[in-house]
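Only the coordinates and a few stated rules stand behind these numbers; no lab work does. None of these values were measured; they are calculated from a predicted model. Neighbour counts are summed over all protein chains in view; Cβ atoms, including those assigned to glycine, are modelled from backbone coordinates with ideal geometry.
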């Protein structure tokens with residue numbers, strides 16, 4: 001497994017875990033409080049920071065383990081990695097746009113900030129996760 | 001997801017004939033070993049520039065390295 005693929009795994013895993021933890025924290029609050037009352041800003045900020053830190057730590061950890069297993073492991077990306085990265089971004093962008101349009105629509109109908117913020121957040125998470133999975137499939141099945 | 005290519009190649013055969021390892025050839029054409037493995041397995045079509053670099057490094061014409069079937 002190459003350097004860029006390892007980083008993609010780290011990014012996808014940390015994003016999925018972060019989103020799951022955020023959902024587990026937020027959903028029970030929605031059962032007892034209205035969307036307007038739910039405190040979501042702090043959990044979302046913590047989720048974003050934790051996801052970034054976890055991705056970096058996981059990436060370094062996987063790199064160290066890969067280096068121990070195979071000392072010839074490379075720690076750089078090349079042209080193929082760049083092409084696969086662009087491909088993943090193109091796939092993920094659809095979700096980013098869908099999230100932005102959803103947030104725009106919610107703003108127009110004067111929905112609560114909770115729904116606007118979380119729709120944008122869902123767009124970012126889906127951009128990262130779906131784009132990352134598309135990259136991983138490209139690495140595994142081939143990329144022409 | 002991505003359109004499958006009809007291009008096949010004999011990079012592996014010419015590389016082994018030249019006595020080069022995957023790491024050595026990858027280093028000479030400036031890619032990672034994973035990319036060279038993907039090329040040899042037909043999982044990645046190299047750019048034209050990369051194809052020329054492989055051709056020059058292995059001292060083999062492009063037509064012998066890469067094949068495209070007749071219609």
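Starting from the Cα of residue B:49, step 7 Å along the direction of its Cβ; do the same at residue A:133; then give the gap between the two resulting points in nm.
Placing both labels 7 Å along Cα→Cβ, they lie 3.4 nm apart.
For A:71-79, what's the mean count of beta carbons from other chains sitting within 10 Å of each residue's beta carbon? Show your work: numbers first, answer last.
Working: counts 0, 2, 3, 8, 1, 2, 2, 10, 9.
Taking the mean over all residues of the peptide, I get 4.
Give the average, rounded to an integer, of partner chain Cβ atoms located within 10 angstrom of each Cβ in B:23-35.
For peptide B:23-35, the averaged partner shielding equals 4.
Between residue A:1 and residue A:36, take the C-beta separation as r, use R0 = 45 Å, and let me know the FRET efficiency to the nearest 0.05.
Numbers: r = 46 Å, r/R0 = 1.02.
So the FRET efficiency works out to roughly 0.45.
How far, in degrees from 0 to 90, does helix B:48-58 lean away from the longest principal axis of the Cα atoms of chain B, to the nearest 10?
Tilt of helix B:48-58: around 40 degrees.
Express in nm, to one decimal, how much length is gained between residue B:28 and residue B:63 on full extension, taking 0.36 nm for each residue of separation and deducting their alpha carbon distance. Can you show the working numbers first?
Numbers: separation 35, 0.36 × 35 = 12.60 nm, distance 2.03 nm.
Working it through step by step, the gained length comes to 10.6 nm.
If you stretched the chain out fully between residue A:109 and residue A:24, how much longer would it get, using 0.36 nm times the residue separation minus the C-alpha to C-alpha distance?
Details: separation 85, 0.36 × 85 = 30.60 nm, distance 2.75 nm.
27.9 nm is the gain from fully extending residue A:109 to residue A:24.
When ranked by the protection proxy of mean other Cβ atoms within 10 Å per residue, highest first, what sequence do the peptides A:133-143, A:28-38 form? Before the final figure, lay out each step's value.
On the way: A:133-143: 18.5, A:28-38: 11.2.
My ranking of the peptides, most packed first, is A:133-143, A:28-38.
Could you list A:128, B:21 so that the one with the fewest beta carbons within 10 Å of its beta carbon is first and the one with the most is last? Write out the running numbers ahead of the final one.
Numbers: A:128 23, B:21 12.
Ascending number of Cβ neighbours within 10 Å: B:21, A:128.
Could you sort the peptides A:8-18, A:74-84, A:58-68, A:93-103 by per-residue average Cβ neighbour count (10 Å cutoff), highest mean leading?
Values: A:8-18: 20.5, A:74-84: 17.8, A:58-68: 14.5, A:93-103: 16.0.
Highest-to-lowest ranking by the protection proxy: A:8-18, A:74-84, A:93-103, A:58-68.
So for chain B, averaging the separation of alpha carbon pairs under 8 Å that are six or more residues apart and normalising by length, what relative contact order in percent results?
Working: 62 pairs, mean separation 31.1, N = 71.
Relative contact order comes out at 44 percent.
For chain A, what's the relative contact order in percent, using C-alpha pairs closer than 8 Å and at least 6 residues apart?
Numbers: 142 pairs, mean separation 51.5, N = 144.
Relative contact order of chain A: 36 percent.
For chain B, what value does the Rg/Rh ratio take when both radii are computed over Cα atoms and Rh is the Kirkwood radius, given to two decimals? Display every interim value, and only then the final one.
On the way: Rg = 11.6 Å, Rh = 12.3 Å.
We get a ratio of 0.95 for chain B.
Taking R0 as 22 Å, what FRET efficiency do you get between residue A:70 and residue A:140 from their Cβ-Cβ distance, rounded to the nearest 0.05? Walk me through the numbers before you get to the answer.
Values: r = 18 Å, r/R0 = 0.84.
The pair residue A:70/residue A:140 has a calculated efficiency of 0.75.
Calculate for chain A the 222 nm mean residue ellipticity that helices alone would give, adding -39,500 (n - 2.57) per DSSP H run of length 4 or more and normalising by residue count, nearest 500 deg cm²/dmol. Before the final figure, lay out each step's value.
Numbers: 4 runs with 118 residues, N = 144.
About -29500 deg cm²/dmol.
Restricting to Cα atoms and excluding each atom paired with itself, what does the Kirkwood estimate give for segment A:3-141 in Å? It would help to have the intermediate numbers written out before the result.
Details: mean 1/r = 0.0606 Å⁻¹.
Radius from the Kirkwood sum: 16.5 Å.
Relative to the longest principal Cα axis of chain A, at what angle does helix A:79-108 sit, 0 to 90 degrees, rounded to 10?
Approximately 0 degrees, to the nearest ten.
Post the alpha-carbon centroid distance, segment A:1-56 to segment A:86-144, in whole angstrom.
14 Å
Going by alpha carbons, how many degrees (0 to 90, nearest 10) lie between the helix axis of A:3-32 and the longest principal axis of chain A?
So the helix axis and the longest Cα principal axis differ by about 20 degrees.
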